[in-house]
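Below you'll find the structure, written out as structure tokens, and then a few comments.
The values are calculated or read from the model by the stated rules, or taken from the named source; none is laboratory data. Computed from a predicted model, the values in this text were never measured in an experiment. Methodologically, a virtual Cβ is constructed for each residue, glycine included, from the backbone with ideal geometry; neighbour enumeration extends over all protein chains shown. Quick note on the areas: whole protein, heavy atoms, side chains included, nothing else; ligands and nucleic acids left out. Shrake-Rupley method; radii C 1.70, N 1.55, O 1.52, S 1.80 Å.
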Amino acid sequence: MEEVVDYSDFSLETKSLVLKKAKEEDWEEIYKNLWSHKESAKYMLWDVTTSETEAINRIRRTVDFQKVNKYAFFVYEKNTNIPIGFAGMKEIEPGVYEDIGIALGPDYTRKGYGIEILNALVEEAKSCGGHKFVASCRKQNIASHQLQMRCGFHFVSEETRIDPRTGESYLLEINEKQLDK
């Protein structure tokens, strides 16, 4: 049986942000800052949280998920310690990492935080011996596309996907970056 590792204390830091594990007491701030905003979920595979009870249940699931997933984080502003979003990555094959989503609440976009987050994930992958990082976004998600290009990613391909929430098809743009040793 494989031993489950507890990553509760693992974090990454940028100039303005700390990527660290969620805590149950964060439910109200993340609900207010991200989970309750339809525009934040528009291009993501998660649904808006519509009540405090849902937010409390969601934070419990999030804490459990992040505890056993090393590179799943909430994003906190360093100067306020307030959760403003989430980010993560996973190793999809030896030396190849992929983002598992980056989302910031609408009050926290256009501040350079996305660049800090994606660059921190790329640097962490590189420090773990990674040689390639894959990032994707829906074709209509211009902000995510621009973020990835600003961080040195290059277009690789597009795939048609089905949104499990709506059953509608969409184009997923796949971009990658080779990591220098």
Worksheet, complete the sentence: In the structure shown, of K111/K132; K42/K78; K78/K111; K139/K177, the pairs separated by more than 24 angstrom at the C-alpha atoms are K111/K132; K42/K78
Worksheet, complete the sentence: A 1.4 Å probe over the protein heavy atoms gives the range 1-76 a carbon and sulfur accessible-area percentage of 48 percent
Worksheet item: Any idea of the accessible area per residue across the chain, 1.4 Å probe, to the nearest Å²?
Response: 56 Å²
Worksheet entry | Nitroxide proxy distance, nm - points 7 Å out along Cα→Cβ at L172 and T80 | 3.2 nm
Discussion item. Relative contact order of the range 56-134, please, whole-number percent, based on alpha carbon pairs below 8 angstrom and at least 6 residues apart.
Written reply: 23 percent
Response to the item:
With the dipole of the range 23-153 defined by +1 on each Lys or Arg Cβ and -1 on each Asp or Glu Cβ, the option from N57, H131, Y76 whose Cα lies farthest towards the positive pole is H131
Item to complete: Keeping the other protein chains in place, figure out the carbon and sulfur percent of the accessible area of the range 92-133, with a 1.4 Å probe.
Response: 45 percent
Fill in: Rounded, prolate or oblate (a/c below 1.5 giving rounded, otherwise prolate when a/b exceeds b/c) for the chain by Cα gyration tensor
rounded
